[in-house]
Ligand code: GLU
């Protein structure tokens with residue numbers, strides 16, 4: 001069996017970190033198994049769906065490297081839904097219902113008032129042909145419900161949550177189509193999952209009760225259902241379901257200087273029993289990826305942890321991977337010298353400025369003599385080898401200084417800063433002429 005997964009966002013907004021995680025896990029499961037990862041745009045809701053969101057979903061997936069092997073759109077498949085719906089209507093698995101929203105609300109209130117669960121009473125099933133004809137003659141158009149089969153419990157083995165069991169008699173027959181003919185999410189999704197030969201549905205646990213109803217829809221449509229994996233939702237760092245998470249998307253991360261690899265490395269492992277590690281390649285992430293390793297407790301998404309992973313990713317990235325985003329003139333040696341100091345790539349420009357200058361003068365008057373000695377020593381150094389160690393060894397012998405008293409005035413004069421990348425890597429990049437000028441205080 002060849003694995004097929006799908007990521008099925010509704011284009012009613014931008015992807016947020018929870019959606020990105022779902023997309024990633026679908027992508028990983030397909031890639032790991034040599035299968036296919038499909039993007040399905042769930043745009044049956046014509047009023048709330050926006051083309052700009054479709055474009056941003058594609059762009060975000062591409063930035064993250066989660067490239068789909070195919071894309072479908074529900075709005076292009078209405079004929080198919082119509083056909084399957086007709087079959088279900090002929091078999092009596094969907095039925096027309098004529099209650100208004102107010103009537104339904106009232107029924108709910110009455111049941112709740114009696115301490116009963118607000119389950120739809122199936123009054124529409126008792127209507128005769130004559131009743132329906134009369135209602136339609138009054139201009140009332142029906143919405144449509146899927147008739148759940150109450151004869152047996154609905155059971156499945158969820159790849160994350162384990163054995164699941166629902167009693168259909170405790171569920172309302174779900175509305176699958178509105179009175180204006182438009183589709184709700186449940187049925188088209190099942191029709192598509194069958195048509196697209198989806199083998200694994202990976203989504204958030206907010207869909208668990210939908211799955212119970214959808215399993216009966218697969219059956220009613222004569223299909224074997226896919227496997228299901230319902231993931232615990234993400235919470236904010238403070239441990240609560242957080243509104244803020246809903247607004248954190250690829251744009252936010254990109255602007256904050258987060259590399260896609262950092263997002264992947266974190267979200268691949270968050271909520272699993274494996275530690276978060278700053279892997280650049282996906283192979284080690286694939287190796288350990290398995291739904292059985294996901295816990296049922298909500299996973300905590302912490303931007304501070306993401307920032308740390310990001311730094312550790314940057315410290316490993318090759319020059320070739322970042323060259324097009326580096327300051328003009330910066331070469332591989334420059335990147336290797338500066339990379340260990342970065343939290344985000346954009347900081348490179350500041351450090352490259354330290355190499356190229358000018359740098360702010362930053363020396364104490366009491367170091368003037370020492371720096372004059374340093375300039376003299378630097379002038380007669382062999383710059384082709386390891387000038388920093390040669391310079392500091394010479395100055396140590398000449399002045400008896402050591403430790404901070406030796407290194408800090410040099411770092412300040414040479415870089416205009418108190419701290420930064422390893423001077424042994426930086427000094428050859430600064431080079432003889434600029435170093436002499438800075439030590440002499442003339443640049
Ligand atoms: N469009 C649905 C959503 O965004 C898809 C759920 C599913 O994966 O089936 O929630």
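Readers should treat all values here as calculations from the given coordinates under stated rules, not as data from a laboratory. Nothing here was measured: the structure is a model prediction, and the numbers come from that model. Methodologically, a virtual Cβ is constructed for each residue, glycine included, from the backbone with ideal geometry; neighbour enumeration extends over all protein chains shown.
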In segment 331-443, how does Rg compare with the Kirkwood Rh, expressed as the Rg/Rh ratio over alpha carbon atoms? 0.95
Would you mind checking segment 86-105 for residues with the amide N under 15 Å from a putative spin-label position 7 Å along Cα→C-beta of residue 134? 98-99
If you stretched the chain out fully between residue 59 and residue 47, how much longer would it get, using 0.36 nm times the residue separation minus the C-alpha to C-alpha distance? 2.1 nm
Rounded to the nearest 5, what is the percent of antiparallel bridges among the DSSP beta bridges in the chain? 45 percent
With 0.36 nm assigned to each residue of separation and the Cα-Cα distance removed, residue 243 to residue 116 gains 42.5 nm
Mind checking Rg over Rh on segment 1-134, alpha carbons, Kirkwood formula for Rh? 1.12
How far is helix 403-415 tilted off the main Cα axis of the chain, in degrees rounded to 10, range 0 to 90? 80 degrees
At the level of C-alpha centres, the distance separating segment 1-69 and segment 143-201, in angstrom, is 21 Å
Could you state the angle between the C-alpha long axis of helix 303-314 and the longest principal axis of the C-alpha atoms of the chain, as a value from 0 to 90 degrees rounded to the nearest 10? 50 degrees
Could you work out how far helix 51-64 tilts from the main Cα principal axis of the chain, as a 0 to 90 degree angle to the nearest 10? 50 degrees
With the chain treated as a Gaussian network of Cα nodes joined by springs under 10 Å, which of 395, 112, 159 yields the largest mean-square fluctuation? 112
Cut-off is 10 Å between beta-carbons; in what order do 305, 138 appear when sorted fewest neighbours first? 138, 305
Taking a ≥ b ≥ c as the square roots of the Cα gyration tensor eigenvalues, with a/c under 1.5 meaning rounded and otherwise prolate when a/b beats b/c, else oblate, which class fits segment 213-348? prolate
Would you calculate the volume per residue, in Å³, of the smallest convex hull containing every Cα atom of the chain? 193 Å³
